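Engineer: Once you've had a glance at the structure underneath, I'll fire off some questions.
All of the numbers you see were taken from the coordinates with simple rules; none came from a lab. Note that the structure is a prediction, hence the values are computed from the model and not measured. With ideal geometry, Cβ positions are generated from the backbone for all residues, glycine too; neighbour counts draw on all protein chains shown.
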DNA sequence: CTGAATACATCGCGTAACTAGGTATTGAAG
DNA sequence: CTTCAATACCTAGTTACGCGATGTATTCAG
């Protein structure tokens, strides 16, 4: 469950360079080593939303294969947003680390104090 | 936004030992170094849900201050669930790391190929 | 010719965190 | 004594959002 992290994931996938929706899905799957296999019903609305927000730009191209593709690229605002997301993620991740730190609860006693 | 991670956070907070709802909030705030400041409307339903699911047990106690408290503790199933959550988190976190890895996109050209 | 993979799109459901409200007690400040 | 903050519990309803389901069209292999 990537609730709240999807935007960052998409922006991060596009940090390597422009790509089209279907390709982004594969890029994410590859870079996450199969951990994130996003359905199209997740990615396309996200792309529309991010473009609407001005973090992505898109243009239609026709690939060598002859297929119509909508290629997205980070805008400058998108790049900045990614930097921000990255910082938030680090904080989030660190906080989670603090919480998950092994506390060694002490072996359970018959009747804890 | 901790969507999808709340259960783990609560279980982790209780890994140190039994605690009551209000205290759990403070424990989480402390252990996350102020990053997570959960409102009561988040924590109490979560505790009820987790107890319902058999991951927590609770008992009413009266503190030295005279206040009624509901003290929660991990059940054995809860401990096992925490272990599982921890593993999932590591996978999730690693995957995110792979995605956020600096890709050095190459300086933007006038007209990208 | 059929079926899988590519490539786009949208609607609506379900989940789950949070806002906003409520009650009651203790202790400090005025 | 009153007031206000902190402690301590609770729940109903809103909202956000990822995802399943579904639909269309094209390319290519068998």
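Engineer: Out of the helices (runs of 4 or more DSSP H) lying entirely within the stretch A:4-82, which hold 2 or more residues that are within 9 Å of DNA strand C (Cβ to nearest atom)?
Structural biologist: Numbers: elements: A:6-14, A:21-31, A:40-52.
In the stretch A:4-82, the matching helices (runs of 4 or more DSSP H) lie at A:21-31, A:40-52.
Engineer: Does residue A:56 count as within 27 Å of residue B:88 (Cβ to Cβ) and crowded, with 18+ Cβ neighbours inside 10 Å?
Structural biologist: Numbers: within 27 Å of residue B:88 (Cβ to Cβ): no; crowded, with 18+ Cβ neighbours inside 10 Å: yes.
Judged against the criteria, residue A:56 is not a match.
Engineer: Look through B:69, B:29, B:49 and report the one residue that is farther than 23 Å from residue B:89 by Cβ and either within 9 Å of another protein chain (Cβ to nearest Cβ) or surrounded by 14 or more Cβ atoms within 10 Å (Cβ to Cβ) (or both).
Structural biologist: Numbers: B:29 fails: farther than 23 Å from residue B:89 by Cβ; B:49 fails: farther than 23 Å from residue B:89 by Cβ.
Going through B:69, B:29, B:49 in turn, just one is farther than 23 Å from residue B:89 by Cβ and either within 9 Å of another protein chain (Cβ to nearest Cβ) or surrounded by 14 or more Cβ atoms within 10 Å (Cβ to Cβ) (or both): B:69.
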